[in-house]
1. What helices (runs of 4 or more DSSP H) lie completely within the range 14-130 and have 3 or more residues being crowded, with 16+ Cβ neighbours inside 10 Å, touching a Gly at 6+ places or on another chain (Cβ under 9 Å) and among the hydrophobic types (A, V, I, L, M, F, W, C)?
2. Which condition from (1) under 15 Å from the mean Cα position of the chain (by Cα); (2) closer than 25 Å to Leu13 by Cβ is the one that Ala68 breaks?
3. What are the pairs with Cβ atoms under 6 angstrom where one residue, in the range 34-59, is touching a residue at least 40 places away in the same chain (Cβ under 8 Å) and the other, located anywhere, is surrounded by fewer than 13 Cβ atoms within 10 Å (Cβ to Cβ)? Sequence gap at least six, or different chains.
4. Could you tell me whether any residue of the range 149-163 is buried (at least 16 other Cβ atoms within 10 Å of the Cβ), modelled with pLDDT of 95 or more and part of a loop (DSSP other than H, G, I, E, B)?
5. For the list (1) modelled with pLDDT under 95; (2) touching a strand residue (DSSP E or B) at 6+ places or on another chain (Cβ under 7 Å), I need the number of the one condition that Leu16 fails.
6. Limited to the range 12-29, what total is found for residues that are within 20 Å of Leu102 (Cβ to Cβ) and free of Cβ contacts under 8 Å to residues at least 24 places away in the same chain?
7. Here are some conditions: (1) at pLDDT 95 or above; (2) within 24 Å of Arg98 (Cβ to Cβ). Asp51 meets all but one. Which one does it not meet?
8. Identify, please: which residue in the range 1-13 is surrounded by 13 or more Cβ atoms within 10 Å (Cβ to Cβ) and not small (Gly, Ala, Ser) and is, among those, nearest to Ile56 (Cα to Cα)?
Amino acid sequence: MTYSTRSLVPADLPLLLALNNAAVPAVNELDARALATLVQHSHLALAVVHDDAADIALGFAILFVAGADYESENYRWFSARSTDFLYVDRIVVADGHRGRGLGQVLYDTIFGAARRELLAEVLCEVNLQPRNPGSLAFHDRLGFTEVGQLSTKGDTVVVSLLAASV
């Protein structure tokens, strides 16, 4: 099976909303309006698809660059640290499709975009509390290292703030 990425289209949003909300607490829950706003204001919004069914998103990533008008606590922390980055706001792969390399396909595209735009690093966060060990191990394999930790959402979530050089 071969997979690739493409830009998100409006028709993807209902499925992506379901994928996002099924991935809670690894990502925060969204409603349809919040997801549409994120995609609209993002720098890059990607779907990963099977090449034989490119109209069905099996996962997605939403990314921002420095200087965006975005109120995320994690994004603001990174923005105070650097002005030369591509920030992964969320990356989700559908349950039942994990472990097939789709996250790697998304990150290959993400790192490629960062290189084309001459950005220094790719940034993201992964939950420490509640712990997301699979994502921590995955990001470690990709070369991400912890540059900080942040308690968010009224101290209900603690994240590891990660960076990888491009």
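The values are calculated or read from the model by the stated rules, or taken from the named source; none is laboratory data. Everything numeric in this text was worked out from a predicted model, so none of it was measured. Every residue, glycine among them, receives a Cβ derived from its backbone with ideal geometry; neighbour counts consider all protein chains shown.
1. Correct list: 102-116.
2. The failed condition is (1).
3. That search, which allows pairs on different chains as well, returns Asp51/Thr2.
4. Within the range 149-163, not a single residue is buried (at least 16 other Cβ atoms within 10 Å of the Cβ), modelled with pLDDT of 95 or more and part of a loop (DSSP other than H, G, I, E, B).
5. Only one criterion is unmet by Leu16, namely (1).
6. Selection size over the range 12-29: 5.
7. It fails just one condition, (1).
8. Per the stated criteria, the residue is Asp12.
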